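Step one of this worksheet: look at the structure below.
The values are calculated or read from the model by the stated rules, or taken from the named source; none is laboratory data. Since this is a predicted model, take the numbers as computed values, not measurements. Positions of Cβ are generated from backbone atoms using ideal geometry, with glycine treated the same way; all protein chains shown enter the neighbour counts. The area values use the complete protein model at the heavy-atom level, side chains included, leaving out ligands, DNA and RNA. Shrake-Rupley method; radii C 1.70, N 1.55, O 1.52, S 1.80 Å.
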Amino acid sequence: MTVAAETGPSTVQTVVAGSFQEWSRAISASFVPLLASGLKDTSFHGTMRARVLGQISVVEVTAGPHTVHRTPELIARSTGRFFKLSIQLAGTGRLVQDDREAVLRPGDLSIYDTSRPYQLTFDDDFRTLVLMFPHVLLDLPADAMGHVTALRIPGDQGLGELISPFLVRLADNLEALSGTNGLRLVHNALDLVTTLFNGELDQLIEAGRDPHLLLLARIHDYIESNLGDPELSPGSIAAAHYISTRHLHDLFQEIGTTVAASIRQRRLERCRRDLVDPVLADRPVTAIAARWGFTDAAHFSRIFRAAFGNSPTGYRSSS
């Protein structure tokens, strides 16, 4: 196995595996621990070209036929919860998760969750692009995303027709994804992905008319639309949806968080992204904080450091 380490702003890290054993080790090291099965002779060949920007990994994978499994045993030994978005570039892939199966052809997209078992099979030579990122970076509730994992999103119709070409261009131009501009581009990609799956969730909710999911979706959209309002609170959210604050807290407890924690995390992510955005390089830290509802500069600095291990100013200068 050969590895080209990143040595400059135009260098992409490349891993080349000349055997199935090397490939099995490489994919577990590059993503999350996986169990690979397939041809184990020395004729197997696989290549990964990767760029890591912040918390987002962008990986182009080209390889021969094989299957990867994310098993309960591997999940139990892992830390971190990630989504992986795949866009098929060549060949065919078959993704299975949450009792659903998606057959992906060039241009098609699908998303899956590393915190639950899945299987991904390629019957022939293939090429795919994978974006892997923590749950918190996708502005949709992780529990709601469980309804759209392993769904085929066609790349030739609807929102997929608009978003798929952008992601294909990312794969073709990994060398351009460097520094703050590269980080901005991949976050733009995640914004597009959020829009795509928000649309899928809306269709499922409307089709099922589940009042519980409808309410959660409305609350989520309301919070996203009002993150910059310093007065956003459980009380104001509950009042806007004609429910009690107790009911609101119960809804968030069901998805493993609290209202305040959800708002704080989303605001911090927006601030973190703005701090490394070259377009906003001259904007003061306090102005960025205020833009997302943080009116106390000292408080903002403390919770930002606790979340990201550095002060806002230090994070900006080191990015």
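Scanning segment 282-319 for residues that are without any contact (Cβ under 8 Å) to a residue 40 or more places away in the chain and part of a loop (DSSP other than H, G, I, E, B) yields Asp282, Arg283, Pro284, Asp296, Gly309, Asn310, Ser311.
Return the residue satisfying two criteria in turn: it lies in segment 116-136 and is touching a helix residue (DSSP H, G or I) at 6+ places or on another chain (Cβ under 8 Å) and open to solvent by less than 10 Å² (accessible area, probe 1.4 Å), and of such residues it is nearest to Thr67 (Cα to Cα). Among those residues, the one meeting the criterion is Leu129. Close contacts from segment 1-26, counting a first residue that is open to solvent by less than 30 Å² (accessible area, probe 1.4 Å) and a second that is assigned to a helix (DSSP H, G or I) and modelled with pLDDT of 90 or more, with Cβ to Cβ under 7 Å and a gap of 6+ residues or different chains, come to Val15/Ala26; Ala17/Trp23; Ala17/Ala26.
On the given criteria, is Glu224 at pLDDT 85 or above, out of contact with any Phe, Trp or Tyr (no Cβ under 7 Å at 6 or more places or on another chain), under 23 Å from Gly160 (Cα atoms) and not basic (Lys, Arg)? In short, yes. Here no strands (runs of 3 or more DSSP E) wholly within segment 28-134 include at least 2 residues being under 24 Å from Thr180 (Cα atoms) and out of contact with any strand residue (DSSP E or B) (no Cβ under 8 Å at 6 or more places or on another chain). Taking segment 269-316 as the range and being under 23 Å from Phe133 (Cα atoms), of a type outside the set (A, V, I, L, M, F, W, C) and open to solvent by 30 Å² or more (accessible area, probe 1.4 Å) as the test, the residues that pass are Arg270, Arg273, Pro278, Arg305, Gly309, Asn310, Tyr315, Arg316.
Apart from one condition, Gln21 fits all of (1) modelled with pLDDT of 90 or more; (2) part of a helix (DSSP H, G or I); the exception is (1). Out of the residues in segment 39-60 meeting the condition of being open to solvent by less than 10 Å² (accessible area, probe 1.4 Å) and among the hydrophobic types (A, V, I, L, M, F, W, C), tell me which one is modelled with the lowest pLDDT. Looking at residues that are open to solvent by less than 10 Å² (accessible area, probe 1.4 Å) and among the hydrophobic types (A, V, I, L, M, F, W, C), I get Ile56. Please verify whether Ile243 is β-branched (Val, Ile, Thr) and over 22 Å from Cys271 (Cα atoms), treating the condition exactly as stated. Yes; evaluated as a whole, the condition is true for this residue.
Confirm whether Ala76 is open to solvent by 30 Å² or more (accessible area, probe 1.4 Å) and either within 15 Å of Thr194 (Cβ to Cβ) or at pLDDT 95 or above (or both).
Criteria not met by Ala76.
Taking every residue in segment 135-162 that is more than 23 Å from Gln253 (Cβ to Cβ) and pairing it with any residue that is open to solvent by 20 Å² or more (accessible area, probe 1.4 Å) and hydroxyl-bearing (Ser, Thr, Tyr), at least 6 positions away or on another chain, the pairs with Cβ-Cβ distances below 9 Å are Leu159/Thr195.
Counting only residues that are in contact with an Asp or Glu (Cβ under 8 Å, 6 or more places away or on another chain), closer than 26 Å to Ser43 by Cα and crowded, with 20+ Cβ neighbours inside 10 Å, how many does segment 91-115 have? Looking only at that region, the number is 1. Looking for something acidic (Asp, Glu), farther than 15 Å from Asp113 by Cβ and in contact with a helix residue (DSSP H, G or I) (Cβ under 7 Å, 6 or more places away or on another chain) - is there at least one such residue anywhere in segment 138-152? Taking every residue of segment 138-152 in turn, at least one turns out to be acidic (Asp, Glu), farther than 15 Å from Asp113 by Cβ and in contact with a helix residue (DSSP H, G or I) (Cβ under 7 Å, 6 or more places away or on another chain). Does Glu269 satisfy the condition of being under 20 Å from Val148 (Cβ atoms) and under 23 Å from the mean Cα position of the chain (by Cα)? Spelling it out, it is not the case that Glu269 is under 20 Å from Val148 (Cβ atoms) and under 23 Å from the mean Cα position of the chain (by Cα).
Among the residues in segment 130-137, are any at pLDDT 90 or above and touching an Asp or Glu at 6+ places or on another chain (Cβ under 7 Å)? No, segment 130-137 contains no residue that is at pLDDT 90 or above and touching an Asp or Glu at 6+ places or on another chain (Cβ under 7 Å).
Out of Ile243, Ile303, Ile263, one residue alone is within 26 Å of the chain's Cα centre (by Cα) and more than 22 Å from Ala142 (Cα to Cα). It is Ile303.
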